[in-house]
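The values are calculated or read from the model by the stated rules, or taken from the named source; none is laboratory data. Not measured: the values here are computed from a predicted model. Neighbour counts run over all protein chains shown; Cβ positions are idealised from the backbone, glycine included.
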Amino acid sequence: MTAILFAFAHALWILLHQLNPKISAPDIGNSPNPNTTMPDNPFATFDGSLKLMWDFLSTDFAAIDGWNGGRSLDIMRILFTFVSTIVLLNVL
């Protein structure tokens, strides 16, 4: 399972690390604090991508909602769900 997590984290990191998602920052009023802004791309680093793969195991696909999709991203989502389900069911 660890190899699958690393493989999909690497694949999505390569696929999405230079793209900027279209996620709007939350409205915080007129706060000049730069720490209240959202990060632009959660897949910018490999460790961020690995953390999101861990969230994907619990079917939390909110991290990729900012992208309009595209065929490759949809295929990766379906493939990850299918492969991780097969592996987890065989372990049990």
Is it true that Asp47 is more than 14 Å from Ile14 (Cβ to Cβ), in a helix (DSSP H, G or I) and either of a type in the set (A, V, I, L, M, F, W, C) or out of contact with any strand residue (DSSP E or B) (no Cβ under 8 Å at 6 or more places or on another chain) (or both)? yes
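Determine, yes or no, whether Ala44 is surrounded by 13 or more Cβ atoms within 10 Å (Cβ to Cβ) and at pLDDT 75 or above.
Yes: the conditions hold for Ala44.
For the range 50-59, state whether one or more residues are part of a helix (DSSP H, G or I), modelled with pLDDT of 85 or more, small (Gly, Ala, Ser) and out of contact with any Phe, Trp or Tyr (no Cβ under 6 Å at 6 or more places or on another chain). Walk me through it before giving the result.
Narrowing the range 50-59 to residues part of a helix (DSSP H, G or I): 50-56.
Subsequent filtering for residues that are modelled with pLDDT of 85 or more retains 50-56.
If we keep only those that are small (Gly, Ala, Ser) too, we end up with none.
So far as the range 50-59 goes, no, none of its residues is part of a helix (DSSP H, G or I), modelled with pLDDT of 85 or more, small (Gly, Ala, Ser) and out of contact with any Phe, Trp or Tyr (no Cβ under 6 Å at 6 or more places or on another chain).
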Across the range 60-92, which residue is farthest from the chain's Cα centre (by Cα) among those that are loosely packed, with under 10 Cβ neighbours inside 10 Å and not in a helix (DSSP H, G or I)? Leu92
